[in-house]
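The values are calculated or read from the model by the stated rules, or taken from the named source; none is laboratory data. If you're wondering where the values come from, they're calculated on a predicted model, not measured in any experiment. All Cβ positions, even for glycine, are placed from backbone atoms using ideal geometry, and neighbour counts span all protein chains on display.
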């Protein structure tokens, strides 16, 4: 896999082209690929930090990061997505590592909570997240909250 170039930006720092690429990727995977009709643009993008992972082919990975108190009492990561062509080469794991590192660098060591698609619980557990609660249905897909307690400090560069 080629090297992914990362950018961690506030909503108002995104260019129109970057925002379009983000929304296109989220729609491609969460709406079309997963055949799930849901309100992706939920009104919280302006409060998020946006992690964009690009290669020469364009945007290949993305995650949305929130400080504590917006989505959950803890900091949170959501809308974690990789383009189909980038899967199987570690892009998803690289995205999670970078998102955790960026939140940690930005806000210090802290707990991070996610609302994960239940079938991805093992993926997230590899990043220190533990199941926290029961499986629940959201937008027709089983989800589970997972919590990662703070531990090592990582670099966001």
**OP:** Among the candidates 93, 119, single out the residue that is loosely packed, with under 15 Cβ neighbours inside 10 Å, without any contact (Cβ under 8 Å) to a residue 40 or more places away in the chain, under 14 Å from the mean Cα position of the chain (by Cα) and more than 17 Å from residue 22 (Cα to Cα).
**Re:** 93
**OP:** Could you list, in sequence order, all residues of region 1-54 that are modelled with pLDDT of 90 or more and on the phi > 0 side of the Ramachandran plot?
**Re:** 43
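Working only within region 3-38, note down all residues that are surrounded by 11 or more Cβ atoms within 10 Å (Cβ to Cβ) and part of a loop (DSSP other than H, G, I, E, B).
Hits for region 3-38 are 4, 14, 34, 36, 38.
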**OP:** Scan region 98-114 and give yes if some residue there is surrounded by 21 or more Cβ atoms within 10 Å (Cβ to Cβ) and touching a residue at least 60 places away in the same chain (Cβ under 8 Å), otherwise no.
**Re:** yes
